[in-house]
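Contents: one structure, followed by commentary.
The values are calculated or read from the model by the stated rules, or taken from the named source; none is laboratory data. Computed from a prediction, not measured in an experiment: that's the story for all the values here. Note: ideal-geometry Cβ built from the backbone for every residue, glycine included; neighbour counts use all protein chains shown. The accessibility values were calculated without ligands, DNA or RNA, using every heavy atom of the protein model including side chains. Shrake-Rupley method; radii C 1.70, N 1.55, O 1.52, S 1.80 Å.
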Amino acid sequence: MKKLFVTTALCAALPFGAFAQDKPDTLKVGMTTFLTGSASVFGVPARDAMDLMVASLNEAGGINGVPVEVIYIDEGAGAEALTSEFRRVSGEAEVMLSAISSGNCQTLAPLAEDLQVPNLMWDCGTQRIFEENDYKYVFRTQANATAEMMAAVVYLLKMKPDFQTIAVVNQDYAWGRDSWDIFSTALKSMKPEVEVLGEFFPKFGSPDFSTEISRLQALRPDVILSTSWGGDLDTFVQQAFQRGLMNSSTFVLPLAESSLERLGSSLPAGHVVGARGDHYFLHPERRDDEDFKTFVSDFKESTGSIPIYSVFHAAQALEAMKAAYTRAIEENGTDWPTEDQLLAAFEGLEFQAYGRPITLREDNQGIEAQLMGMSVQSGDYPFATLEDIMIFDGAQLLPPVGETSIEWIKGLDASFPDSVEAASYDN
């Protein structure tokens, strides 16, 4: 945030402890997102949604009369270019939104702290950010991998409690390994008799899963987990469907909400789908609300596609930023907050976009509800939708502040799934 020198006379006229801050002509916001590469299936829709939402916000008067301008940075350009652009843009932006990639979040979070620029982690999943570091300038406006994987485990144990064997097919990089670590540790704690028949980590971006599918057909696990995403998940599911693997095993796909439309008829009924939060274009608690219906309709009209979880994550980041500025302005009786006033407003902030309300807890981690469901080919859409939906209380799926996820999960037992609050819906 740009610093302002204030005269002694002006300071004397202000309430004790307050400082004057001129309203900017424009609130500039930097946002990193994948505009190229395989992850652009998340990044481009998020950018498109942000453009729509910012245009609507500015039409309504912006934030206390200040219009918002978003400067986009392509995460697909590589680590060196991303870091350089983050530094450049943060020099003119008051707030940064980063990132999609967990690796990029691990790089940019300490950089934002060094640069002293407020940074909202709007989509990345790694739980390590706040478990391994303390930040003043960094906040996460959604859940993390722990809540997302725990929701998948709990849902599986509630819906398919009798399974005895499992295998995993995950992308061979940090997310694939870490998410399996969380999931498998939870299974050992809650259902230790489950046997892991196979652990497959194909190369990121693999175009052919025939080897893994052949092995899985021979092993015949009751459950096959894949926390893969984007083109890798689409290709794996399509090839597994074509070879009949989905007829013999239940697939657990915690990120598949974003692939429903692309998979079309290749995702048959009876498989577990996660939404990385309570994100779903037919959200059972929100779908009849006018703001939700308008947003989904406008996004589809603009892009030709249904909104996916990255779109909803972008909406949450924007709402969090707007709520923090509004709170800081109101609580300090000012036209525009100082940087310290803005940072203070993020503490314990509650905000809501197009899902349930979200709260930032004391370690700056967002508490977000988690939606899980079973795929069904209802015929209402040319792709699978969800039935037997459960929405879990996000707070119960996270370790207490100060504890690491793995150690907390190791202390759980078979009673945990029944202790987690869940609202159930038929569709």
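When the range 361-409 is filtered for residues that are under 21 Å from Ser259 (Cβ atoms), among the β-branched types (Val, Ile, Thr) and either in a loop (DSSP other than H, G, I, E, B) or modelled with pLDDT under 95 (or both), nothing remains. Taking the range 243-254 as the range and being without any contact (Cβ under 8 Å) to a residue 60 or more places away in the chain and either open to solvent by 10 Å² or more (accessible area, probe 1.4 Å) or farther than 13 Å from Phe163 by Cβ (or both) as the test, the residues that pass are Arg243, Gly244, Leu245, Met246, Asn247, Ser248, Leu253. Taking the conditions (1) in a loop (DSSP other than H, G, I, E, B); (2) buried (at least 18 other Cβ atoms within 10 Å of the Cβ) in turn, Pro268 satisfies each one other than (2).
In the list Val311, Val296, Val376, which residue meets the criterion of being on the phi < 0 side of the Ramachandran plot, touching a helix residue (DSSP H, G or I) at 6+ places or on another chain (Cβ under 8 Å) and β-branched (Val, Ile, Thr)? Step through it out loud before you land on a result.
Details: Val296 fails: touching a helix residue (DSSP H, G or I) at 6+ places or on another chain (Cβ under 8 Å); Val376 fails: touching a helix residue (DSSP H, G or I) at 6+ places or on another chain (Cβ under 8 Å).
Exactly one residue qualifies, and that residue is Val311.
Each row is one residue, and each column tells you yes or no for (1) open to solvent by less than 10 Å² (accessible area, probe 1.4 Å); (2) more than 23 Å from Ala423 (Cβ to Cβ); (3) outside any helix (DSSP H, G or I); (4) in contact (Cβ under 8 Å) with a residue 12 or more places away in the chain.
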site	(1), (2), (3), (4)
Pro307	yes, no, yes, yes
Val311	yes, no, no, yes
Gln316	yes, no, no, yes
Ala320	yes, yes, no, yes
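Screening Asp335, Asp291 for residues that are in a helix (DSSP H, G or I) and surrounded by fewer than 19 Cβ atoms within 10 Å (Cβ to Cβ) leaves exactly one candidate, Asp291. Step by step: first the residues of the range 217-238, then only those that are over 14 Å from Arg262 (Cα atoms) and over 22 Å from the mean Cα position of the chain (by Cα), then the one that is most open to solvent (accessible area, probe 1.4 Å). Which residue is that? Residue satisfying both the conditions and the ranking: Arg220. Of all the criteria given as (1) part of a loop (DSSP other than H, G, I, E, B); (2) more than 20 Å from Gly277 (Cβ to Cβ), the one not satisfied by Asp418 is (1). Looking at Leu371, Leu386, just one residue is of a type outside the set (Lys, Arg), within 16 Å of Leu156 (Cα to Cα), buried (at least 23 other Cβ atoms within 10 Å of the Cβ) and touching a Ser or Thr at 6+ places or on another chain (Cβ under 9 Å), and that residue is Leu386.
Checking Ala81, Ala99, Ala109 one by one, the residue that is small (Gly, Ala, Ser) and either touching a Gly at 6+ places or on another chain (Cβ under 8 Å) or closer than 28 Å to Phe292 by Cα (or both) is Ala99 and no other.
Would you say Glu362 is within 20 Å of the chain's Cα centre (by Cα) and closer than 30 Å to Asp22 by Cβ? Steps first, please.
Working: within 20 Å of the chain's Cα centre (by Cα): yes; closer than 30 Å to Asp22 by Cβ: no.
No: the conditions fail for Glu362.
May I ask you to verify whether Asp340 is under 30 Å from Gly264 (Cα atoms) and open to solvent by 50 Å² or more (accessible area, probe 1.4 Å)? No, not satisfied. Given the structure, is Ile391 touching a helix residue (DSSP H, G or I) at 6+ places or on another chain (Cβ under 6 Å) and either of a type outside the set (Gly, Ala, Ser) or closer than 25 Å to Thr126 by Cα (or both)? The answer is no for Ile391.
Report, by residue number, each residue of the range 116-137 that is closer than 20 Å to Arg88 by Cβ and out of contact with any Phe, Trp or Tyr (no Cβ under 8 Å at 6 or more places or on another chain).
Correct list: Trp122, Tyr137.
Output the residues belonging to the range 177-236 that are basic (Lys, Arg) and part of a helix (DSSP H, G or I). Quick ask: steps written out before the conclusion?
Keep residues of the range 177-236 that are basic (Lys, Arg), which gives 177, 188, 191, 203, 215, 220.
Arg177, Lys188, Arg215 - these are the residues of the range 177-236 that are basic (Lys, Arg) and part of a helix (DSSP H, G or I).
Pairs linking a residue in the range 40-60 that is under 11 Å from Val311 (Cβ atoms) to a residue that is among the charged types (D, E, K, R) and open to solvent by 60 Å² or more (accessible area, probe 1.4 Å), with Cβ atoms under 8 Å and 6 or more positions apart or on different chains, are Leu52/Asp298.
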